[in-house]
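The values are calculated or read from the model by the stated rules, or taken from the named source; none is laboratory data. Treat the numbers as computed from the prediction; the structure is a model and nothing was measured. Neighbour counts are summed over all protein chains in view; Cβ atoms, including those assigned to glycine, are modelled from backbone coordinates with ideal geometry. For the accessible areas, the whole protein counts, side chains as well, though only heavy atoms, and no ligand, DNA or RNA atoms are used. Shrake-Rupley method; radii C 1.70, N 1.55, O 1.52, S 1.80 Å.
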Amino acid sequence: MAIIYTYPISPPVGTDLLVGTRSGVPRNPTRNFSVDQLAVYIIDNLNGTNLTVPIFFDTVNPTTGLVETTLVDSILTQNANPGGTTLTIAGNLYVTGALRDSNNNPGALGEVLKSTVTGTEWGNVNSTTEVIPFNNVTTITATHTGALGTFPSITVVNNNNIVIYGEIAYISTTQLTVTFASAQTGNLYLN
């Protein structure tokens, strides 16, 4: 048998075999396993509370001229392994392909990615103002298009062009009410 330091040093490949000893079982048997199997074991059995996703780069060794794969510090972390639900990127995100919403929709030109509370969706940015007139009422129930978002900004202007204030309640994603202390006439401006 050759002495270990007489073997050439080279980067491992997935099919390379390693020799190890199974501990905690009778007679501690010697076993072979591949680099691929070891990698799968490390990834699948980490079971930590925080997982750093490894990033590997291929580099050329200036001495040997061989391409070596090098593990570098990661800017990606997952909140749990297994079963993580949050991936954190500590740096910039550069996307070369489509950025898709919760419905796997890539969106269209000019749309923005908006929260739906339970996910995301692409939609238009509407910079227009919706105007809803009202006449001699103490409570206005207004239905809007939803294009301005779930909670649009509301300005109430009476028929004398004075901004007045009432109690605003957002009933649904497209409906709201404004209640005044006394009957009013004017317009709601939603933006």
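The convex hull around the C-alpha trace of the stretch 95-191, projected and averaged over every direction, spans 7.2 square nanometres.
Express the accessible area of the stretch 150-191 per residue in Å², computed with a 1.4 Å probe while the remaining protein chains stay in the model.
It amounts to 58 Å² per residue over the stretch 150-191.
Once both labels are positioned 7 Å from their Cα atoms along Cα-to-Cβ, the gap between residue 39 and residue 59 label points is 1.9 nm. Using the Cβ-Cβ distance between residue 181 and residue 96 with R0 = 45 Å, the FRET efficiency computed as 1/(1 + (r/R0)^6) comes to roughly 0.20. Between 64, 86, 96, the residue with the greatest mean-square fluctuation in the GNM of the chain (Cα pairs under 10 Å linked by springs) is 64.
Once the convex hull of the C-alpha atoms of the chain is built, how many Å³ does it hold per residue, rounded to a whole number?
Values: hull volume 42.5 nm³, N = 191.
Enclosed volume per residue, from the Cα hull, is 223 Å³.
For the stretch 69-121, the C-alpha radius of gyration sits at 1.46 times the compact-globule guess of 2.2 N^0.38 Å, with N the residue count.
Compute the FRET efficiency between residue 130 and residue 76 as 1/(1 + (r/R0)^6), taking r as their Cβ-Cβ distance and R0 = 30 Å, and round to the nearest 0.05.
Details: r = 42 Å, r/R0 = 1.40.
Calculated value: 0.10.
Its alpha carbons give the stretch 130-175 an Rg and a Dmax of 11.0, 30 Å. Against the chain, whose longest principal axis is taken from its Cα atoms, helix 35-44 shows a tilt of about 30°. Scattering from the stretch 152-191 was approximated by placing one identical point on each alpha carbon and applying the Debye formula without solvent; log10 I(q)/I(0) at 0.21, 0.28, 0.31, 0.36 1/Å stands at -0.65, -1.05, -1.19, -1.35. For the chain, carbon and sulfur atoms together expose 55% of the accessible surface, with a 1.4 angstrom probe and every protein chain in place.
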